[in-house]
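Colleague: Sharing a structure with you now.
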Amino acid sequence: MLELNALTVHYPDFTGCYSLTVPRGALCAVIGPSGGGKTTMLHAIAGFEPVSGGTLSFAGRNLLPLPPAGRPCSLLFQDNNLFPHLTAEQNVGLGLKPGLSLSASERTAVAEALAAVELSDEAARRPGELSGGQRQRVALARALVMRRPLLLLDEPFGALDPGLRKAMINLTDRLRREHDLTVIMTIHTPADIAGAADLVAFVADGEVQHMAPPAALLRPGHSSALDAFMGV
Amino acid sequence: MAGAAALPHPGLIAAGLLAALIMAALAGLASAGGTATLMPGPYLWGVVRGAASQAALSTVLSLLLGTALALALTRRSSFPGRRLLMAVMTAATVAPTIVIIFGLVAMFGRSAPLPALAASLGLTLPAIYGLHGIVLAHVVMNAPLVARVLMAAVAATPAEQTRLGQMLRFNPLDCLRHLDGPVIRREWPGLAAFIFLLCFTSFAVVLSLGGGPANATLEVAIYQALKLDVDFARAAGIALLQIMLSLAFVLAFSAIGARLPDAPGQARGQTRPDAGSRLLFWIDGAVIACAMLLIAPVVLSVLSGLGQLPSLVGADVARAALTSAVLAAIAAALAVLLALLLASAAEAAPLGRASPGRARLVELAVLALLGLPPFALVTGLFVLLRGTGSVSGIGLVLVPLINALMALPFVYRLLAPPLRQSAERHGRLSTSLGLSGVAHLRIVAWPALRRPLMAALALAAALSMGDFGVIALFGGGDLVTLPYLMAERMGAYRLDEAGAIALVLVASATALTFLADRA
């Protein structure tokens, strides 16, 4: 279980104070207006924001003293997830050994991860030769080989076509069930996530204002702020 | 824009005029008498070989020290003296060559503190005069340039990738391989071409620190042919040789993808995955200490002139300062105008469709301008113009013209990238809005170009103000600039007064750069 309790990030022009509980193995979608602090929350969980107060724990373990590399999470950005001078295979391999001198069993793990995201044929290509969706799948494959139980996705499929976006969300859903991952994903288009997410959190003005299963949260009339965001 | 298709772009006209000017100058020089030799003899080939190996050595050492310094300063975002070092690095890249020479002689010359210290320990340092002196001067001037360009390029790495490095537990070697390596590989060829050409055609450094004909460059050979042998045709031949070699060099380099290095932008801080390594801590400390010891004393030696500043109060210094300022202002305006014309010609294409081939051609031509021999040009033009006015009157026209040409490659790399960016970002939008002419300039181009334009003007003015090339041939009589005066004082061993002038020169160059950064 992931627990945020008044986790506070403070900037001169922005203060975020997040409380959120996500059960193990759940997929939690985070929605909300731009500039409301969704990305800051994910970065605070991953260890990229200076936290000034509150608690953060996963499976009962306090994460706050840990550096980004020591936390049980992998983070996918909207863009620039891959190193352009490395092939898809090497980019996945980075998740196992940054030095890229992989053993036979590690090579097998990389191949399996690429197969899981249906990119076995593209293993030798560089990011420049891949489509936007393929690049994000390579990044997902790297997150898989890292075997970290908490997967954070920051607008990962925002730049993709609607059909492709749906397919990527289904892929993420399947992978988290197969690999027992807890997933938190920020998303701009709540309708896409309705079938896959267990929970939806509405983040605005630097805090989690509402949190409920999608069927309850995404219907009109839940709250005025949500209605304004959804455009109903 | 009707009718614009019929006329060539003004930038192309400017390029044509420049080419015609260069050819006319060489023809004028060749016609002025002397022994025309189209085939260079063994002496000249010796000069070419020597200058090429000197330039190669200077380039390699500048790249190595500059890169180490860039990485060390990127990893160590705060330590006492960092701001001083950064300021000294900026000063070293804009300081007049003659000031760097003065600093080196002051620090390493016969009666300087370092050799004296060594002597008291029973050691003898090699004299500053000779190949190592030349290379040292070139490294002091160019390593900070490399460092500043690379720091800006490394800082432009997407923040996501630096965070990935943290998340993936990159060790220092992984950081070098995945974060910095690709940036270094991308920037090195252009930087190398730039520095090699600068050192291959170096003049003032070689003339002052050369210590003999063994270390001459073609530029020095031209100077000698003009000033000592008074053999104009020979000078024209050597000038042609230098232009041809520079062109061939630029073409060869373009085959491996060299481009002009972009001017350094502002570097912003990022937490580096390798900042915690103990080993790197010591390595970075050593690199920074080396740079401090090598670069800082040379630049800061001008402070020795502080006490002598009062001695500068006098008519000749005031006159020289005024002359310098006027020449620099004209040269800067001309250089910026030419760079703007060329850059917009490079980007001009119907409907905002970029033409990479043309942009590349203009960029290569600008890079090749580094190989232009200023003495040959100025003498050739003088030959053509003599009789039309007094020597100093003609000089007043020719010195800023040649200085503008010399500053053009530096100015171009400040102006071309923002112009290209503005065209890429807003080209279609302004076309669709029907914005053209003055309205386009005012609304679209000016806001994007204001800062780079100020920076370019300041840099060109600083470079021209410190120029000790053409003026060495032309100066004297009525046309005396600050660097000329400084060289005179150095020649007369009035080093304190020379130091005071150097201080004024560095202060004005640094002030110009500082103002441009605030623009």
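The values are calculated or read from the model by the stated rules, or taken from the named source; none is laboratory data. No experiment lies behind these values; they were computed from the predicted model shown. With ideal geometry, Cβ positions are generated from the backbone for all residues, glycine too; neighbour counts draw on all protein chains shown.
Colleague: Name the helices (runs of 4 or more DSSP H) wholly inside segment B:103-187 in which the number of residues that are within 14 Å of chain A (Cβ to nearest Cβ) and modelled with pLDDT of 80 or more is 3 or more.
Modeller: The qualifying helices (runs of 4 or more DSSP H) are B:159-167.
Colleague: Can you name the residue in segment B:143-178 that is touching a Leu at 6+ places or on another chain (Cβ under 7 Å) and among the polar types (S, T, N, Q) and, of all such residues, is farthest from A:Leu140 (Cα to Cα)?
Modeller: B:Thr157
Colleague: Tally up the residues in segment A:130-166 that are among the small types (Gly, Ala, Ser), modelled with pLDDT of 90 or more and under 21 Å from A:Lys38 (Cα atoms), please.
Modeller: Matching residues across segment A:130-166 total 2.
Colleague: A:Leu100 fails exactly one of the following numbered conditions: (1) within 12 Å of chain B (Cβ to nearest Cβ); (2) on the phi < 0 side of the Ramachandran plot. What is the number of that condition?
Modeller: (2)
Colleague: I need the full set of residues from segment A:1-59 which are among the hydrophobic types (A, V, I, L, M, F, W, C), on the phi > 0 side of the Ramachandran plot and in a strand (DSSP E or B), in order please.
Modeller: Result: A:Ala6, single match.
Colleague: Okay, moving on. Name the single residue that is nearest to A:Arg126 (Cα to Cα) among those in segment A:55-81 being of a type in the set (A, V, I, L, M) and more than 9 Å from every other protein chain (Cβ to nearest Cβ). Write out each step before concluding.
Modeller: Here is the first cut: in segment A:55-81, the residues of a type in the set (A, V, I, L, M) are A:56, A:59, A:63-64, A:66, A:69, A:75-76.
Subsequent filtering for residues that are more than 9 Å from every other protein chain (Cβ to nearest Cβ) retains A:56, A:59, A:63-64, A:66, A:76.
Details: A:Leu56: 37, A:Ala59: 37, A:Leu63: 34, A:Leu64: 35, A:Leu66: 33, A:Leu76: 18 Å.
Looking at residues that are of a type in the set (A, V, I, L, M) and more than 9 Å from every other protein chain (Cβ to nearest Cβ), I get A:Leu76.
Colleague: Taking A:Ser105 as the residue in question, decide whether it is modelled with pLDDT under 90, over 21 Å from the mean Cα position of the chain (by Cα) and more than 9 Å from chain B (Cβ to nearest Cβ).
Modeller: Details: modelled with pLDDT under 90: no; over 21 Å from the mean Cα position of the chain (by Cα): yes; more than 9 Å from chain B (Cβ to nearest Cβ): yes.
Taking the combined requirement at face value, the residue does not satisfy it.
Colleague: Let me ask another. Out of all the residues in segment B:490-503, which are buried (at least 20 other Cβ atoms within 10 Å of the Cβ) and not small (Gly, Ala, Ser)?
Modeller: Result: B:Met490, B:Glu497, B:Ile501, B:Leu503.
Colleague: Out of (1) of a type in the set (Gly, Ala, Ser); (2) more than 18 Å from A:Arg71 (Cα to Cα); (3) free of Cβ contacts under 8 Å to residues at least 40 places away in the same chain, the odd one out for A:Gly47 is which?
Modeller: Only one criterion is unmet by A:Gly47, namely (2).
To keep it simple, each residue is scored yes or no on (1) under 18 Å from the mean Cα position of the chain (by Cα); (2) modelled with pLDDT of 75 or more; (3) of a type in the set (Lys, Arg); (4) over 22 Å from B:Gly466 (Cα atoms).
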| position | (1), (2), (3), (4) |
| --- | --- |
| B:Ala328 | yes, yes, no, no |
| B:Ala335 | yes, yes, no, no |
| B:Leu342 | no, yes, no, yes |
| B:Gly357 | no, no, no, yes |
| B:Leu364 | yes, yes, no, yes |
| B:Val383 | no, yes, no, yes |
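Colleague: Output the residues belonging to segment A:167-199 that are of a type in the set (Ser, Thr, Tyr) and more than 18 Å from A:Ala212 (Cα to Cα).
Modeller: A:Thr172 - this is the single residue of segment A:167-199 that is of a type in the set (Ser, Thr, Tyr) and more than 18 Å from A:Ala212 (Cα to Cα).
Colleague: Could you tell me which of the residues A:Ala115, A:Ala88 is more than 14 Å from chain B (Cβ to nearest Cβ) and either over 20 Å from the mean Cα position of the chain (by Cα) or free of Cβ contacts under 8 Å to residues at least 12 places away in the same chain (or both)? Full working, then the answer.
Modeller: Working: A:Ala88 fails: either over 20 Å from the mean Cα position of the chain (by Cα) or free of Cβ contacts under 8 Å to residues at least 12 places away in the same chain (or both).
Exactly one residue qualifies, and that residue is A:Ala115.
Colleague: Moving to a separate point now. I'm trying to understand the selection: among the residues of segment A:44-54, which are among the hydrophobic types (A, V, I, L, M, F, W, C) and away from every other protein chain (no Cβ under 11 Å)?
Modeller: Those that are among the hydrophobic types (A, V, I, L, M, F, W, C) and away from every other protein chain (no Cβ under 11 Å): A:Ala44, A:Ile45, A:Val51.
Colleague: In addition: Pull out all pairs, ordered by first then second residue, where Cβ-Cβ is under 7 Å, the residues are six or more apart or on different chains, the first lies in segment A:160-178 and is touching a residue at least 40 places away in the same chain (Cβ under 8 Å), and the second is part of a helix (DSSP H, G or I) and of a type in the set (D, E, K, R).
Modeller: Here the result reads none, with nothing in segment A:160-178 linked to a residue that is part of a helix (DSSP H, G or I) and of a type in the set (D, E, K, R).
Colleague: Considering only segment A:123-139, how many residues are more than 14 Å from every other protein chain (Cβ to nearest Cβ) and assigned to a helix (DSSP H, G or I)?
Modeller: Counting residues in segment A:123-139 that are more than 14 Å from every other protein chain (Cβ to nearest Cβ) and assigned to a helix (DSSP H, G or I) gives 5.
Colleague: Is there a residue in segment A:115-122 that is among the small types (Gly, Ala, Ser), in the same structural domain as A:Arg24 (by TED's automatic domain parsing), surrounded by 14 or more Cβ atoms within 10 Å (Cβ to Cβ) and not in a loop (DSSP other than H, G, I, E, B)?
Modeller: Scanning segment A:115-122 turns up no residue that is among the small types (Gly, Ala, Ser), in the same structural domain as A:Arg24 (by TED's automatic domain parsing), surrounded by 14 or more Cβ atoms within 10 Å (Cβ to Cβ) and not in a loop (DSSP other than H, G, I, E, B).
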